[in-house]
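The values are calculated or read from the model by the stated rules, or taken from the named source; none is laboratory data. Computed from a prediction, not measured in an experiment: that's the story for all the values here. Glycine gets a Cβ as well: all are built from the backbone with ideal geometry, and neighbour counts include every protein chain shown. Accessible surface is based on the protein model in full, side chains and every heavy atom, while ligands, DNA and RNA are left aside. Shrake-Rupley method; radii C 1.70, N 1.55, O 1.52, S 1.80 Å.
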Amino acid sequence: MYLAQFRDRDGRPYEPHDVLRAVVKASRSPVYGAAETFIGLGAVAGSVASYESRGRLIGEQVHRTLAAGPMDPTGTVLAAPNRCLADARALQRWSLDAGRLTSDCEIRFADIPIWRHYWWQIGLTLAVVAAQATLIAALLSQRRRRRLAEQAEQAQRTELARAARRATAGELTGAIAHEVNQPLGAILTNVDTAELMLDSGRDRSDELRLILANIRRDDLRASEVIQRLRELLGNQKFERKEFDINGVVEELEAIMRAEARRRGVTIEIRRAPEALQ
């Protein structure tokens, strides 16, 4: 009915496609079609004429005619077979089993899962992501192992440095003892001198102040030696900072002076004219 309808009863143009939509909307039964263009407009299925196949066949005949010369008027112009075509949405609407269609029937508008339609693209993407994840995990693991190795190496260096400091302190025991005993002996001497001045009964306050200043200086010196010895033997972390090499050499000379004298060694120091950092 809808294939032959082109005007309504009032004479208005009415295309078969419009008639098909109206029939499908009002019908209580499936509607079928005879042309490929009706599949998708509401028709469920049909053995339809394929315009694509007809166009390909006409193209082939035109090509053969142009290549061979004048066309034989007795020859067949069109002989394209129909093919089965169905609309998955209409099949679902009418609860029709698509499995009852022929095996060569093409079903259009079916909700094909994206992984079935693009399976190789999805597989390739997942493979690339998995490879990247594996590479990142390997790099992170390698970085962690390197950090642990660096930390272990730093701990070993710290322990070796502390052991070296202890060995150095043991070798310089005599020099360190001399550096401590020297200010302590000076303090004792100054105290004895101060007691003698007090026993004399004379007012010698200026000299007593000088003695007290010397005692204070020697006490600070002994305290500084002990503090540096603790730092030398303590579990100290490495710290990078600028320092004057001239000052370090002078402090080292003060520590080694007694040991050098005991061994008969003369230490000669030549200071740089400016600070060396």
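Over the chain, with every protein chain in place, what whole percent of the accessible area is carbon and sulfur at 1.4 Å, could you tell me? Solvent-exposed carbon and sulfur of the chain make up 56 percent of the total. Surface analysis of the chain yields an accessible area of 78 Å² per residue, using protein heavy atoms and a 1.4 Å probe.
Split the chain at each of the chymotrypsin sites (Phe, Trp or Tyr not before Pro) in a DSSP loop with at most 15 other beta carbon atoms within 10 Å, and the longest piece is 119-237. Expressed as a whole percent, the proportion of Cα-Cα pairs in the range 8-73 lying more than 16 Å apart is 62%.
Among the trypsin sites (Lys or Arg not before Pro) in the range 9-69, those located in a DSSP loop and surrounded by at most 10 other Cβ atoms within 10 Å of their own Cβ are Arg9, Arg28.
Among Thr37, Val24, Ala4, whose Cα projects farthest towards the positive end of the dipole of the range 1-44, with charges put on the beta-carbon of Lys, Arg (+1) and Asp, Glu (-1)? The one lying farthest along the dipole's positive direction is Val24.
Computed over the chain, the P(r) curve from all C-alpha pair distances, binned at 10 Å from the origin, holds 5, 12, 13, 10, 7, 5, 4, 4, 5, 7, 9, 9, 6, 3, 1, 0 percent per bin.
Which whole-number percent gives the relative contact order of the range 42-160, counting Cα pairs below 8 Å spaced six or more residues apart? Here the relative contact order equals 24 percent.
Taken along the Cα-to-beta-carbon direction at a fixed 7 Å, the label points for Thr65 and Leu196 span 14.4 nm. Candidate membrane-span-like segments in the chain, meaning DSSP H helices with Cα atoms spread over at least 24 Å of their own axis and a Kyte-Doolittle mean of 0.0 or above, are 173-200, with no membrane implied. Working from label points 7 Å from Cα in the Cα-to-Cβ sense, the Arg56 to Gln132 distance is 4.0 nm.
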